[in-house]
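The values are calculated or read from the model by the stated rules, or taken from the named source; none is laboratory data. Just so it is clear, the structure is predicted and the values come from calculations on it, not from any experiment. Cβ placement follows ideal geometry from the backbone for every residue including glycine, while neighbour counts extend to all protein chains displayed. Keep in mind that these areas ignore ligands, DNA and RNA; they rest on the heavy atoms of the full protein, side chains included. Shrake-Rupley method; radii C 1.70, N 1.55, O 1.52, S 1.80 Å.
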Number of protein chains: 2
Amino acid sequence: MVMDSHRLFLSFLTAALAVGFVSVVFVLRWVLYFKEGLAWDGGLAEFNWHPVLVVTGFVFVQGIAIVVYRLPWTWKCSKMMMKFIHAGLNTLAFIMAAISLVAVFDFHNAQNIPNMYSLHSWVGLAAVILYGLQLLLGVCVYLLPITPVYLRVAIMPLHVYSGLFIFTIVIATSLMGITEKLIFGLKDPKYKDSPPEAIFVNVLGVLITVYGALILWLATRPSWQRPRELQHQTQHGCGDETAGSKVGTALSLLSNTNSDNPESGFDARKRNCKLDESGQRSTM
Amino acid sequence: MVMDSHRLFLSFLTAALAVGFVSVVFVLRWVLYFKEGLAWDGGLAEFNWHPVLVVTGFVFVQGIAIVVYRLPWTWKCSKMMMKFIHAGLNTLAFIMAAISLVAVFDFHNAQNIPNMYSLHSWVGLAAVILYGLQLLLGVCVYLLPITPVYLRVAIMPLHVYSGLFIFTIVIATSLMGITEKLIFGLKDPKYKDSPPEAIFVNVLGVLITVYGALILWLATRPSWQRPRELQHQTQHGCGDETAGSKVGTALSLLSNTNSDNPESGFDARKRNCKLDESGQRSTM
């Protein structure tokens with residue numbers, strides 16, 4: 001049963017990474033094969049950085065950042081190190097999203113196209129701003145050592161919810177962006193005539209949606225959460241078995257495992273993990 | 001604290017209902033004031049049934065169906081009755097979504113516009129089919145008395161996840177639909193010139209997104225779940241306090257409450273509700 005759970009996790013993770021990777025390949029093929037390629041010249045090739053950076057950074061990297069705590073082979077790493085990886089990946093995704101905005105504003109200004117008129121632009125800009133605030137709040141609350149524990153606990157449900165919500169609206173905004181670009185970019189034949197580019201990019205939209213569904217599934221299964229006990233581990237890297245054996249019963253259970261037998265990690269988790277009232281683990 | 005939780009629930013619920021209601025008003029004003037009104041004539045007025053039925057049924061009614069178990073004043077009603085209300089509201093939403101599809105196919109065929117070429121149509125049709133399957137599976141598993149309990153428990157996490165996921169992609173598809181319609185429907189001035197209709201319908205898109213966010217928040221807070229104990233209640237309607245007092249300690253706690261003092265219902269819930277491994281309650 002535990003073995004099944006571990007295998008199931010790995011299956012979903014593999015599927016998510018595969019679909020995410022294929023999405024990145026698709027967006028690159030779209031701009032390099034069907035469109036004008038990539039450049040920084042105020043023209044369509046500069047605009048093309050917008051979908052490439054959004055799909056690669058704001059969708060794919062953000063998705064990985066969301067599930068990074070759940071990878072069983074990171075459970076012997078310190079919580080602090082995992083927080084830095086989580087924050088680092090989100091910072092990378094934020095920078096890519098910000099550059100993707102610069103590309104599209106620069107293109108619009110060079111071509112005298114108005115900015116911020118579409119629903120896509122409204123929701124998309126809101127998503128980037130909310131993502132920036134989420135990152136700032138996350139660093140202040142969970143990385144600064146001065147933040148009191150009660151505040152960390154109180155904010156965690158909101159942190160988790162808004163993280164998943166922002167990820168979801170990023171994907172919804174991507175689907176709107178694909179719709180806009182296919183209508184504006186396909187003239188002869190038009191979008192409604194279903195040329196190969198239209199079909200190809202529709203498939204990209206479906207892939208992004210499936211990636212989102214897999215990440216949300218991985219991120220919301222309580223049985224795949226990082227074990228609570230490992231939060232007490234004080235080492236600041238990925239510990240060996242000796243280090244792991246020092247932090248009590250639950251960790252001892254895990255320290256009996258090694259990377260060849262990760263099912264036992266799930267076993268320890270299943271035996272020891274408890275959910276608090278909010279259904280989320282506090283992150284201290 | 002418990003009182004705060006109840007007030008907070010009511011605040012979020014009120015906000016969700018208000019935003020959902022305003023969304024319905026907005027979509028009606030869009031088609032009746034800015035567009036061609038409503039008719040069933042193969043023209044644009046027939047197409048207009050599509051956004052009206054989607055926003056009213058597939059978004060607003062589905063959202064209410066999702067949170068209906070969480071309304072504290074329904075906790076003295078039998079679980080079976082609440083299941084019928086949940087299934088009934090979802091069936092109503094499904095019928096409205098199906099008619100909205102007929103409207104758009106009928107319009108396309110009458111105007112010789114190809115069907116099913118856009119990402120909006122792909123994801124939207126998938127959402128309607130998945131919603132139909134979800135409804136069918138839900139009725140078979142949770143309303144037919146022959147389904148074994150272990151199956152009901154095993155399927156519940158999938159039922160909850162896919163319900164929320166379908167609701168989310170319905171909203172994402174609505175945003176794509178708004179984008180398409182504003183690009184195709186606004187010619188002089190165009191969408192990029194931000195005429196009043198463009199601003200108005202962008203706001204509708206934002207309202208739908210906010211409604212989705214509120215419903216997802218309401219539906220995923222463990223502390224606002226229907227108390228587990230009431231699942232053992234056997235009456236088939238909304239019981240009075242006498243009926244409610246028969247089913248054990250937890251229900252006794254609740255039977256001490258009345259509708260004027262709903263905080264105590266939250267209190268009973270907080271003291272007695274436990275989450276299973278999946279973080280969801282089984283529904284038997």
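Observations, loosely collected:
- For the range A:183-224 versus the range B:108-166, the gap between their alpha-carbon centres in whole angstrom: 19
- Taking 0.36 nm per residue of sequence separation and removing the Cα-Cα distance, the A:C238/A:D193 pair yields an extension gain of 10.7 nm.
- Full extension of the chain between A:R7 and A:I129 yields a length gain of 40.2 nm, computed as 0.36 nm times the residue separation minus the alpha carbon distance.
- Accessible surface of the range B:10-227 [probe 1.4 Å, protein heavy atoms]: carbon and sulfur percent: 76
- Estimated distance in nm for a label pair at B:Y33 and B:M81, the labels positioned 7 Å out from Cα along Cα-to-Cβ: 4.0
- Probe 1.4 Å, accessible area per residue of the range B:10-227, Å²: 39
- Of all chain A C-beta atoms, the nearest to the rotation axis linking A with B is recorded, alongside its rounded Å distance, as A:A172, 2.
- A:T91/B:S223 FRET efficiency (R0 25 Å; Cβ-Cβ; nearest 0.05): 0.20
- Cα-based radius of gyration of the range A:9-225 once divided by 2.2 N^0.38 Å, which approximates compact folds: 1.08
- For the pair B and A, total buried accessible area rounded to nearest 100 Å², probe 1.4 Å: 3600
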